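To start, the structure itself, in structure tokens.
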Amino acid sequence: MCGIAGFFDFKASASRQALLAQAKAMGDAVRHRGPDGRGEFADASAGLGLAHRRLAIIDLTDCGAQPMSTPDGRYTIVFNGEIYNFHALRRRAEDHGYAFASHSDTEALLACFSLFGVRRTLADSVGMFALALWDARERRLVLARDRIGEKPLYYGVMGGCLLFGSELKALRAHPNFEARLDPEALSWFLRRHYTPAPLSIYQNVRKLPPGTMLAVSGPNVGEPEPYWSLSETLAEAMAARFQGSEDEALDALDALLRDVVRNQMISDAPLGAFLSGGIDSSLITAVMQQVSTNPVRTFTIGFNEPGWDEAEDAAKVAKHLGTNHTTLTASPAQALEVVERLPDIYDEPFSDASQIPTYLVSKLTREHVTVSLSGDGGDEIFAGYNRHAVGPGLWRNMSRLPAGARKSAGFLLGRIPPPMADKAYRVLEPLLPERLRMRLPADKLAKVAGLMSARNFQDVYAGAVTNWPEPDGLLLSQPDGGTAWRTPALPDTGGDLTLWMQAMDAATYLPDDIMAKVDRASMAVSLETRAPFLDHRIVRFGFSLPLELRVRNGKGKRLLRRLLSRYVPAKLIERPKMGFGVPLDQWLRGPLRPWAEDLLSTESLKRWSLLKPAPIQAAWREHLAGKRDHQYRLWSVLMLQAWLTRWM
């Protein structure tokens with residue numbers, strides 16, 4: 001895994017040396033993504049510059065260095081990611097007479113591009129990647145991104161020049177870059193705590209959507225074209241629903257997962273796994289242990305605060321599986337040190353609070369290995385979020401009430417102070433079935449209260465994933481009404497509302513929040529992460545499962561739970577879903593309070609002429625007084641303020 005960057009200056013007026021120097025500056029901006037080597041390429045006749053920073057994983061010799069060109073010099077590539085089926089691609093190219101100079105997956109991909117074309121090769125590739133391919137004969141640059149969006153790629157035309165890179169830092173390093181905020185992106189960030197593709201925080205800069213490629217041969221840059229579609233995959237999965245028994249589904253998933261994990265464990269660098277003790281990471285680790293000849297290295301981060309520490313659970317799973325396990329119990333001081341680095345790590349406003357433990361566990365892991373497998377994607381593909389399990393039933397019950405009655409009930413529920421809600425829940429908890437137990441009852445109650453005014457199920461979903469319900473009320477200037485972001489078009493799921501939510505999460509939340517979080521946190525410490533659940537064959541299989549194999553008795557991930565029980569006793573993993581977070585509520589009232597109050601002061605909020613101080617400070621006062629839990633809304637404002645201070 002690496003960092004890539006480059007530009008295509010349509011004026012083509014600079015010398016080759018000037019192009020190489022500019023490419024180097026852009027590559028150096030993402031040096032943390034690839035500390036093992038660097039390289040640049042320039043074509044002065046076209047005004048093209050490419051840069052690569054290498055994290056050596058496959059073929060650690062200089063033969064795997066980039067930029068890499070075909071022997072005839074026609075194609076040159078900079079590539080970030082891994083191609084897990086590169087041996088098959090290599091054999092195909094060898095059968096057509098291609099002579100390889102390395103054992104790298106990059107050269108296998110490059111060879112197939114030259115022999116079989118870009119679109120076909122992308123469709124045949126299994127992996128995670130972002131790449132730029134220069135065709136010197138056709139004078140064409142192609143940008144492409146993996147199916148699910150595990151690897152990032154930004155691009156934009158500024159001053160007659162196409163700029164692109166793994167992170168916005170690389171684009172900022174070019175003199176043509178213009179740092180103008182996009183009001184629509186800002187509004188969506190406050191609503192969702194991330195910026196959905198194709199938007200970025202800057203005007204005229206876009207994220208290349210997952211599963212697409214963009215061919216550029218001149219200043220009139222068109223729209224990305226899909227080579228793979230999540231929507232089509234969903235339609236295919238529904239048309240070919242899994243028809244076997246539950247045991248047959250377990251055998252099929254077990255075999256598929258073993259094959260995927262075995263391929264994703266190919267590495268010439270040391271490899272391990274994140275292990276939280278939850279279902280997803282425990283299953284990936286268990287399968288790794290089955291296909292490995294040596295104990296797998298596993299890593300967990302923990303906290304001392306009650307209700308936030310999964311380290312003990314992870315240690316029990318590790319002991320049962322026989323892994324070589326390492327745990328770091330992070331002190332508040334260690335965790336809070338990360339806060340100051342977040343604007344640099346995430347490069348645009350991002351406020352999923354699990355960014356903190358994700359960075360800490362990545363840093364711990366990188367001290368021992370270079371590659372780590374994770375359980376990311378299990379929730380989206382196998383229905384693991386609470387909204388997947390309870391959302392459809394909640395809507396069916398809510399929709400029986402008149403809209404006015406629902407709205408009134410929501411208002412009353414929303415006025416219950418969080419401490420009172422928590423206290424009432426603790427009294428009732430021993431009487432509740434396990435599927436109704438939760439870690440943050442007041443937060444869940446507030447969510448339900450907000451959903452009571454929903455007009456349809458789409459509103460229920462939107463409410464469940466919304467941070468600030470009316471973010472434009474916080475902004476001094478409003479978006480102009482035009483929009484570059486559209487709700488993904490998904491096929492009718494035939495009344496399977498859970499499947500619709502899963503697909504919506506996979507199209508938006510997964511690439512733009514989860515994978516962005518993991519990529520930035522891990523690459524900040526030069527760690528490669530791999531997510532077996534996001535292999536497109538597993539995605540299709542998960543979407544093909546009937547509802548009863550995804551959700552049963554109010555609990556999601558039915559099939560994953562059953563499969564994990566083949567490897568780990570149920571008592572070690574059956575507990576309320578915790579997520580991967582930090583005690584943000586406590587920290588904002590405690591050690592983070594001085595930092596937060598400085599960023600939320602009237603002077604600070606007015607500094608950028610973007611935000612209205614009154615509603616934000618009202619939320620801050622309510623939070624400090626314990627009247628309402630605004631931790632995640634306030635975190636979005638704080639991350640925005642910290643980012644503005646760093647970058648604007």
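How about the range 55-92: which of its residues are within 23 Å of V369 (Cβ to Cβ), charged (D, E, K, R) and surrounded by fewer than 22 Cβ atoms within 10 Å (Cβ to Cβ)? Result: D59, D62. Screening P183, P152 for residues that are of a type outside the set (D, E) and farther than 26 Å from S229 by Cα leaves exactly one candidate, P183. Annotation for the range 468-475: at least one member residue is exposed (fewer than 13 other Cβ atoms within 10 Å of the Cβ), at pLDDT 80 or above, assigned to a helix (DSSP H, G or I) and of a type outside the set (A, V, I, L, M). Note on the range 298-368: enclosed helices (runs of 4 or more DSSP H) holding 2 or more residues that are buried (at least 20 other Cβ atoms within 10 Å of the Cβ) and in contact with a Gly (Cβ under 9 Å, 6 or more places away or on another chain) are 311-321, 355-366. Does T493 qualify as being at pLDDT below 90, in a loop (DSSP other than H, G, I, E, B) and within 14 Å of S231 (Cα to Cα)? Spelling it out, it is not the case that T493 is at pLDDT below 90, in a loop (DSSP other than H, G, I, E, B) and within 14 Å of S231 (Cα to Cα). Looking only at the range 270-285, decide whether some residue is surrounded by fewer than 17 Cβ atoms within 10 Å (Cβ to Cβ) and of a type outside the set (V, I, T). Taking every residue of the range 270-285 in turn, at least one turns out to be surrounded by fewer than 17 Cβ atoms within 10 Å (Cβ to Cβ) and of a type outside the set (V, I, T). The condition of being under 19 Å from the mean Cα position of the chain (by Cα), surrounded by fewer than 23 Cβ atoms within 10 Å (Cβ to Cβ) and touching a residue at least 24 places away in the same chain (Cβ under 8 Å) holds for only one of S522, S526, that being S526.
Taking the range 10-40 on its own, how many of its residues are surrounded by fewer than 22 Cβ atoms within 10 Å (Cβ to Cβ) and farther than 18 Å from G81 by Cβ?
Number satisfying all stated conditions: 14.
The listed residues are R147, R172, R119, R180, and the only one of them that is assigned by TED's automatic domain parsing to the domain that holds N85 and out of contact with any Phe, Trp or Tyr (no Cβ under 7 Å at 6 or more places or on another chain) turns out to be R172.
Which of the residues spanning the range 242-263 are of a type in the set (D, E, K, R) and in contact (Cβ under 8 Å) with a residue 40 or more places away in the chain?
E246, D254
Inside the range 220-260, residues that are in contact with a strand residue (DSSP E or B) (Cβ under 7 Å, 6 or more places away or on another chain) and of a type outside the set (D, E) make up a count of 4.
Of L321, L336, L364, all but one fail to be under 23 Å from A286 (Cβ atoms), out of contact with any strand residue (DSSP E or B) (no Cβ under 6 Å at 6 or more places or on another chain) and either touching a residue at least 60 places away in the same chain (Cβ under 8 Å) or aliphatic (A, V, I, L, M) (or both); the exception is L321. One residue is enough: does the range 342-352 have a residue meeting the conditions in contact with a Phe, Trp or Tyr (Cβ under 6 Å, 6 or more places away or on another chain), without any contact (Cβ under 8 Å) to a residue 60 or more places away in the chain and hydroxyl-bearing (S, T, Y)? No, every residue in the range 342-352 fails to be in contact with a Phe, Trp or Tyr (Cβ under 6 Å, 6 or more places away or on another chain), without any contact (Cβ under 8 Å) to a residue 60 or more places away in the chain and hydroxyl-bearing (S, T, Y). When you scan the range 235-256, do you find a residue that is among the hydroxyl-bearing types (S, T, Y), at pLDDT 95 or above and surrounded by 15 or more Cβ atoms within 10 Å (Cβ to Cβ), even just one? The answer is no, given that none of the residues of the range 235-256 is among the hydroxyl-bearing types (S, T, Y), at pLDDT 95 or above and surrounded by 15 or more Cβ atoms within 10 Å (Cβ to Cβ).
Screening L162 against (1) over 18 Å from the mean Cα position of the chain (by Cα); (2) crowded, with 19+ Cβ neighbours inside 10 Å; (3) in a loop (DSSP other than H, G, I, E, B) leaves a single unmet condition, (3).
Among the criteria (1) assigned by TED's automatic domain parsing to the domain that holds A56; (2) in a loop (DSSP other than H, G, I, E, B), the one N294 does not fulfil is (1). For R607, the criteria (1) in contact with a Leu (Cβ under 9 Å, 6 or more places away or on another chain); (2) in contact (Cβ under 8 Å) with a residue 40 or more places away in the chain; (3) over 28 Å from D146 (Cβ atoms) hold in every case but one, which is (2). Number of residues in the range 93-114 that are farther than 19 Å from R54 by Cβ and surrounded by fewer than 17 Cβ atoms within 10 Å (Cβ to Cβ): the value is 5. The helices (runs of 4 or more DSSP H) found wholly in the range 532-648 and carrying at least 2 residues that are under 29 Å from W500 (Cβ atoms) occupy 536-544, 558-564, 631-647. Can you find even one residue in the range 294-305 that is closer than 20 Å to S267 by Cα, of a type in the set (S, T, N, Q) and modelled with pLDDT under 95? The answer is yes, given that some residue of the range 294-305 is closer than 20 Å to S267 by Cα, of a type in the set (S, T, N, Q) and modelled with pLDDT under 95. Contact map, the range 386-399: first residue farther than 17 Å from K555 by Cα and in contact (Cβ under 8 Å) with a residue 24 or more places away in the chain, second residue surrounded by fewer than 20 Cβ atoms within 10 Å (Cβ to Cβ) and charged (D, E, K, R), Cβ cut-off under 7 Å, separation 6 or more or different chains; pairs are M398/R406.
The values are calculated or read from the model by the stated rules, or taken from the named source; none is laboratory data. Everything quoted here is computed from the prediction, not taken from an experiment. Cβ atoms come from the backbone with ideal geometry, glycine included; neighbour counts cover every protein chain shown.
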